[in-house]
1. Please go through segment 39-54 and give me each residue that is in contact with a helix residue (DSSP H, G or I) (Cβ under 8 Å, 6 or more places away or on another chain) and surrounded by fewer than 18 Cβ atoms within 10 Å (Cβ to Cβ), ordered by number.
2. Name every residue in segment 59-91 that is surrounded by fewer than 17 Cβ atoms within 10 Å (Cβ to Cβ) and not polar (S, T, N, Q), in order of residue number.
3. Given the conditions (1) at pLDDT 75 or above; (2) under 28 Å from ALA103 (Cβ atoms); (3) outside the structural domain of ASN65 (by TED's automatic domain parsing), which single one is not true for PRO172?
4. Quick one: count up the residues across segment 92-123 that are farther than 30 Å from LYS82 by Cβ and modelled with pLDDT of 90 or more.
5. Just checking, how many residues over segment 81-139 are closer than 29 Å to ALA158 by Cβ and among the acidic types (Asp, Glu)?
6. Quick check on this structure: which one of GLY87, GLY109, GLY66 is farther than 13 Å from PHE206 by Cα and within 17 Å of the chain's Cα centre (by Cα)?
7. For segment 87-106, name all the residues that are touching a residue at least 60 places away in the same chain (Cβ under 8 Å) and not basic (Lys, Arg).
Amino acid sequence: MKRVIVILMLAACFCGCDMLLSTTGGSSLNSMSQTELGKAVKELLQTSANNSLAKLGVTNGFFQNGEVKIPFPPALQKVEEKLKQVGFGNQVNQFTEKLNRSAEDAASGVKEIFMTAITQMTINDALGIILGNDDAATEYMKKTTTSAITTKVSSVVAKSNEKIKLASYWTPLATKYNAVMALTGGSQVNVDLTQYVTERAVAGIFKIMAKEEKVIRTNTSAQTSSLLRTVFGKSGSSSSSGSTATKTGSSSGKSGSTTISTSSSSGSSGSGATTVIKKN
């Protein structure tokens, strides 16, 4: 990947920086500027972020989504089992629901951070995302926003836990369990619920975002603009001359490749090289 990006950067330096991308449906290769490519990637990021937050930042967005539902803390599985054995099953379920309500509140409040990261994206970031795997845009978001997202989510979760009185659901459970352990000589429990919910909420947001990104990249019906269809739609064939570098990879178990070619061209604006991105 690094080699591919270097080739693109060198080509951009020595030419008019035009990018050619083969389009869907067998249509001809269209000339695209760096600005257009950047807009396409920003649209991909915005759409996948908006879609994921819209699904998670609502009631039952986490609680009724098996992929991201926050369970009773796994480290306290024995606590959960013991509490159910002593008749606290309903309270355990209520507590688990409240954990997810905190995550849902948090997911609805991080959109601004994502949008800021998108506006700060460089052309090299955009090219890397275009040439990357089906979750490349999500990985960019992870790299640039995880710290800020975690801080924001932690703050929201802490406030949400107070609002929904999560401690009132957890304290009786912990007290009951610790009382039982005191009789049997077992270990007492003390869990940081804000940290636990924060970690699971952030992981869930990025997990669903990656799914949304893949849908947009691979499903034409989800490519809601001509720009998305042009850049991320299935590529047709094209011919080119000059030096060529190929990036190979796999997506959903299927192998594929992306070819970057640099060739000479001339025109009214003078001679130079043209970079071609061909997604096979």
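The values are calculated or read from the model by the stated rules, or taken from the named source; none is laboratory data. Please read these numbers as outputs of a predicted model, since none were measured by experiment. Neighbour counts are summed over all protein chains in view; Cβ atoms, including those assigned to glycine, are modelled from backbone coordinates with ideal geometry.
1. The first filter runs over segment 39-54 and keeps only residues in contact with a helix residue (DSSP H, G or I) (Cβ under 8 Å, 6 or more places away or on another chain), leaving 39-53.
Scanning segment 39-54 gives LYS39, GLN46, ASN50.
2. Across segment 59-91, the qualifying residues are GLY66, GLU67, PRO71, PRO74, ALA75, LYS78, GLU81, LYS84, VAL86, GLY87, GLY89.
3. PRO172 satisfies every listed condition except (3).
4. To start, the set of residues in segment 92-123 that are farther than 30 Å from LYS82 by Cβ comprises 107-123.
The next check asks that each one be modelled with pLDDT of 90 or more; those that pass are 107, 110-122.
Residues in segment 92-123 being farther than 30 Å from LYS82 by Cβ and modelled with pLDDT of 90 or more: 14 in total.
5. Going through segment 81-139, the residues closer than 29 Å to ALA158 by Cβ turn out to be 81-84, 88-120, 138-139.
Remaining after also requiring among the acidic types (Asp, Glu): 81, 97, 104-105, 112, 139.
Selection size over segment 81-139: 6.
6. On the way: GLY87 fails: within 17 Å of the chain's Cα centre (by Cα); GLY66 fails: within 17 Å of the chain's Cα centre (by Cα).
Result: GLY109 is the single residue among GLY87, GLY109, GLY66 that is farther than 13 Å from PHE206 by Cα and within 17 Å of the chain's Cα centre (by Cα).
7. Restricting attention to segment 87-106, the residues satisfying the condition of being touching a residue at least 60 places away in the same chain (Cβ under 8 Å) are 88, 91-92, 94-95, 98-99, 101-103, 106.
Hits for segment 87-106 are PHE88, GLN91, VAL92, GLN94, PHE95, LEU99, SER102, ALA103, ALA106.
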